[in-house]
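> After the structure tokens below, expect a handful of questions from me.
Please treat every number below as a calculation from the coordinates, not as lab data. Since this is a predicted model, take the numbers as computed values, not measurements. Virtual Cβ from ideal backbone geometry, glycine too; neighbours counted across all protein chains shown.
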Amino acid sequence: MSLSQSNIPEQFQINKLVNQDTYLVDGALIPWRGETSNVFSTISSTEDYKPTLLGSIPTLGKKEALIALDSAVSAYNKGQGLWPTMKVVDRIACMEKFVEQMKTKRAEVVKLLMWEIGKNLPDSEKEFDRTVEYIYDTIEDYKQMDRDSAKFEKNSGVNAHIRRGPLGVVLCLGPYNYPLNETFALLIPALIMGNTAIFKPAKHGVLLISPLLEAFRDSFPKGVVNIIYGRGRTVAAPIMQSGKVDVLALIGNSKSANALQNQHPKSNRLRLVLGLEAKNPAIVLPDADLDLAIDECIAGTTSFNGQRCTALKVLYVHEAIVEEFNKRFSAKVDTLKFGNPWEDGAKLTPLPEPDKPAYIQDLIDDATEKGAKVINAKGGETTDNYIFPAVLYPVTKDMRVFQEEQFGPVIPVVPFSDIEEPLDDMAESNYGQQVSLFGKDTKTLAPLIDTLVNLVCRVNLNSSCQRGPDVYPFTGRKDSAVATLSVHDALRSFSIRTFVASKDNDYNNAILKDLLNSRASNFVSTDYIL
Ligand code: G3H
């Protein structure tokens, strides 16, 4: 059966392959005639299951990677480049041009988000819109930062003009679950602060960058943004080995982050901005509003099939209420609709990684061998590209599903009688991003909150974990993050305070006055953008 005969709405059909045959280096889309890799969707377009071919990407090698690096290094040009020395207002104008062009590509990007990573239509649209909003918020925040630094300070007879300056060359690598939003939440602040970048899209969610390549090329000076394709080991490793990368910006897992940072010959020179794995727990106390807790735990565990770093990945439920919780929670999980991303009301959608269902099945098998049961009727039902979320109970520490970040549809429930049990587990865990706490009695909640804030970086009271709103700090302890991201914090993470100091005397002050009046320096300036 051909695509046009299937049930796929016309606007979402793949009628033309996206064969990405260029890559962006030094301000030009360079044609690629070498080896390519096909990009498949795990969504079938035919009645008999078959992955759908979406297009292809260049398989670049070390040589092309190092040329892209050189391009970023020359654009930075030891801090003398056009971009790092440009007036803030001019850098902002480039970013505004980019976002205007980006907005025209919404439909194409949203369609590819659905096909490449299986994200449902409302969430794909949300990912695009949230990213556009993030760019505008970043521009506004940068203007404020610039206004705040358009002044001199005087202390102990020294005048100082302090601003935030760029760090240099950034290698930017994003994840498959938010291939647009998370990647841009790194790339955009890195660029606007005056850094230059080499960006390699994620393995899944790569073609959706294609509609934006021209916008990148047309909006920024040459070499400021370089976009390459290929295997991480082949292209990212030599870039790191060169020692010319100043910032590694990566959303992914600590294994790849460690492997990459270890390639850098001078780790002291390397700044890290990392969003890594997490195993956010929910703790449901005996006096919790069960309807609310169940709804939030459903959203927390199953949104985008649990493929969110902020997903709830283990549920601790007090033994006094666990039976009732399990009954109602597992019944509700079974009501969730599975479907292709464009289908109305599809909450569960195909998994983009072909081997994910088998991995989740392994976790289920391991847990059931060690004494847990699948307590929902549909749990573990498998199709070619999906495995229905299994609610596993009772889960114990020796099970893999307790230890590993499942990043997929399986929900471990752990009963507890003493609050010290989940607290001890969290303290021992390698992760420290967020927690959800469900309960009402303030005498119980108060000391718990005071402890939990020291174990993770966000305590969500009676709600599931999430990154947003993007103005709030997004970070984690232990293996969960390095540096903080929020609209404002990201600007700080990708910059350093640098300043001009001069002794407060007539000789120096006359020079400063002349610098200001002549507007000859872009740094020493008290002009600001309204
Ligand atoms: O994958 C991790 C994302 O940062 C989660 O963001 O909480 O908005 O889904 P979210």
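> Given 0.36 nm per residue, what is the gain on full extension from Thr442 to Val158 after removing their alpha carbon distance, in nm? Numbers along the way, then the final one.
Details: separation 284, 0.36 × 284 = 102.24 nm, distance 5.07 nm.
Between Thr442 and Val158, full extension yields an extra 97.2 nm.
> When the chain is fully extended, how far beyond the present Cα-Cα distance does Tyr472 get from Ala510, taking 0.36 nm per residue of separation? Don't jump to the answer; show the numbers that get you there.
Numbers: separation 38, 0.36 × 38 = 13.68 nm, distance 4.27 nm.
Extending this stretch completely gives an extra 9.4 nm.
> Grab the range 312-389 and count how many Lys pairs have their alpha-carbon atoms under 14 Å apart, sequence gap of 8 or more, or different chains. Don't skip to the end; give the middle numbers.
Working: Lys327/Lys373; Lys327/Lys378; Lys332/Lys347; Lys332/Lys378; Lys337/Lys347; Lys337/Lys378.
Number of lysine pairs found: 6.
> Using the number of other C-beta atoms within 10 angstrom as an exposure proxy, rank Trp32, Trp115, Trp83 with the fewest first. Walk me through the numbers before you get to the answer.
Details: Trp32 17, Trp115 31, Trp83 22.
The fewest-first ordering by Cβ neighbours comes to Trp32, Trp83, Trp115.
> Using a Förster distance of 25 Å, how high is the FRET efficiency between Phe499 and Ser267, based on the Cβ-Cβ distance and rounded to 0.05? Could the numbers behind the result be given before it?
On the way: r = 26 Å, r/R0 = 1.05.
Rounded to the nearest 0.05, the efficiency is 0.40.
> Here is a further query. What ³J(HN,Hα) values, in whole Hz, does the Karplus curve 6.51 cos²θ - 1.76 cosθ + 1.60 give for the range 212-224 when θ = phi - 60°, with x put for Gly and Pro?
9, 4, 5, 4, 5, 4, 7, 9, 10, x, 4, x, 6
> Ok, one more. At most 11 other Cβ atoms within 10 Å and a DSSP loop assignment: could you name the trypsin sites (Lys or Arg not before Pro) in the range 151-202 that fit? Walk me through the numbers before you get to the answer.
Numbers: sites: Lys151, Lys154, Arg163, Arg164; in loops: Lys151.
In loop regions of the range 151-202 (DSSP not H, G, I, E or B), the sparsely surrounded trypsin sites (Lys or Arg not before Pro) are Lys151.
> Then there is this: Output the peptides 482-492, 181-191, 316-326 sorted from most to least packed, where packing is the average of other Cβ atoms within 10 Å over each peptide's residues. Kindly include the intermediate steps, with their values, before the conclusion.
Numbers: 482-492: 20.9, 181-191: 25.5, 316-326: 18.9.
The packing order, highest mean first, is 181-191, 482-492, 316-326.
> Quick one: grab the alpha carbon gyration tensor of the range 76-157, order the square roots of its eigenvalues as a ≥ b ≥ c, and give me rounded if a/c is under 1.5, else prolate or oblate depending on whether a/b is larger than b/c. If you can, show how the numbers build up before the last one.
Numbers: a/c = 3.28, a/b = 2.33, b/c = 1.41.
Cα axes put the range 76-157 in the prolate bin.
> Are there any chymotrypsin sites (Phe, Trp or Tyr not before Pro) in the range 352-426 that are in a DSSP loop and have at most 13 other Cβ atoms within 10 Å? List them by number. Display every interim value, and only then the final one.
Working: sites: Tyr359, Tyr386, Phe402, Phe407, Phe416; in loops: Phe407.
Within the range 352-426, no chymotrypsin sites (Phe, Trp or Tyr not before Pro) qualify (loop, at most 13 other Cβ atoms within 10 Å).
> List the residues whose amide H sits under 5 Å from the amide H of Tyr229, counting only those 5 or more places along or on another chain, with H placed 1.01 Å from N in the peptide plane.
Residues meeting the amide H criterion: Leu60.
> Can you give the convex hull volume per residue for the Cα atoms of the range 204-269, as a whole number of Å³? Don't skip to the end; give the middle numbers.
On the way: hull volume 7.0 nm³, N = 66.
Spelled out: Cα convex hull of the range 204-269, divided by residues, is 107 Å³.
> Place a point 7 Å from Cα of Leu29 in the direction of its Cβ. Which residues in the range 89-103 have their backbone N less than 14 Å from it?
Answer for this model: 102.
> Mind listing the long-range amide H neighbours of Ile496? Cut-off is under 5 Å, sequence gap 5 or more, other chains count too, H placed in the peptide plane at 1.01 Å from N.
The list, which skips near neighbours in sequence, is Gly165.
> Continuing with this model, one more query. Express in whole angstrom the spacing between the alpha-carbon centres of the range 364-406 and the range 267-321.
Centre-to-centre (Cα) distance: 17 Å.
> Only Cα pairs under 8 Å and at least 6 apart count here; give the relative contact order of the range 50-204 as a rounded whole percent. Intermediate results must be reported in sequence, preceding the final value.
On the way: 148 pairs, mean separation 42.0, N = 155.
Value for the range 50-204: 27 percent.
> Explain nothing, just compute: Karplus ³J(HN,Hα) = 6.51 cos²θ - 1.76 cosθ + 1.60, θ = phi - 60°, for every residue of the range 169-179 in order, whole Hz, x for Gly and Pro.
9, 10, 9, 10, 10, x, x, 7, 7, 9, x
> Alpha carbon centre of the range 448-479 versus the range 77-130: separation in Å?
27
> Between Asn19 and Asn517, what length comes free when the chain is fully extended (0.36 nm per residue of separation minus the Cα-Cα distance, one decimal in nm)?
Values: separation 498, 0.36 × 498 = 179.28 nm, distance 5.30 nm.
Between Asn19 and Asn517, full extension yields 174.0 nm more.
> Tally Lys and Arg at +1 and Asp and Glu at -1 over the other residues with C-beta under 15 Å from the C-beta of Tyr23: what net charge comes out? Intermediate values should be presented prior to the final figure.
Values: positive: Arg33, Lys62, Lys63, Lys200, Arg217, Lys222, Arg231; negative: Asp21, Asp26, Glu35, Glu64, Asp70, Glu214.
It works out to a net charge of +1.
> Return the sequence-ordered ³J(HN,Hα) values of the range 307-318 in whole Hz as given by the Karplus equation 6.51 cos²θ - 1.76 cosθ + 1.60 applied to θ = phi - 60°, using x for Gly and Pro.
Along the range 307-318, the couplings run 8, 10, 5, 8, 4, 6, 10, 7, 10, 9, 10, 4 Hz.
> Which whole-number percent gives the relative contact order of the chain, counting Cα pairs below 8 Å spaced six or more residues apart? Could you put the intermediate results ahead of the total?
Details: 1082 pairs, mean separation 92.7, N = 530.
Answer for the chain is 17 percent.
> Quick one: grab the alpha carbon gyration tensor of the range 1-109, order the square roots of its eigenvalues as a ≥ b ≥ c, and give me rounded if a/c is under 1.5, else prolate or oblate depending on whether a/b is larger than b/c.
Numbers: a/c = 4.33, a/b = 1.82, b/c = 2.38.
Oblate shape, in that a/c is at least 1.5 and b/c is the bigger or equal ratio.
> Same structure again: Amide H of Lys373: which non-local residues (sequence gap of 5 or more, or other chain) have their own amide H closer than 5 Å, using H built in the peptide plane?
Counting only residues 5 or more places away or on other chains, the set is Tyr393.
> Further, regarding this structure: Specify whether the C-alpha gyration tensor of the range 411-465 places it in the rounded, prolate or oblate class, a ≥ b ≥ c being the square roots of the eigenvalues: rounded for a/c under 1.5, otherwise prolate if a/b is larger than b/c and oblate if not. Numbers along the way, then the final one.
Details: a/c = 1.29, a/b = 1.16, b/c = 1.12.
Rounded, since a/c falls under 1.5.
> So, in Å, what gap is there between the alpha-carbon centers of the range 167-239 and the range 40-61?
23
> Fewest Cβ neighbours within 10 Å first, please rank Arg233, Arg400 accordingly.
Arranged by neighbour count, lowest to highest, Arg233, Arg400 become Arg233, Arg400.
> Any idea what the relative contact order of the range 1-78 is, in percent, if you count C-alpha pairs under 8 Å spaced at least 6 apart? Provide the component values of the computation, followed by the final result.
Numbers: 98 pairs, mean separation 23.2, N = 78.
Over the range 1-78, the number comes to 30 percent.
> Still on this structure, please answer the following. So what's the net charge close to Thr59: Lys and Arg +1, Asp and Glu -1, counting the other residues with Cβ under 9 Å from its Cβ?
Values: positive: Arg231; negative: Glu35.
Charge balance near Thr59 sits at 0.
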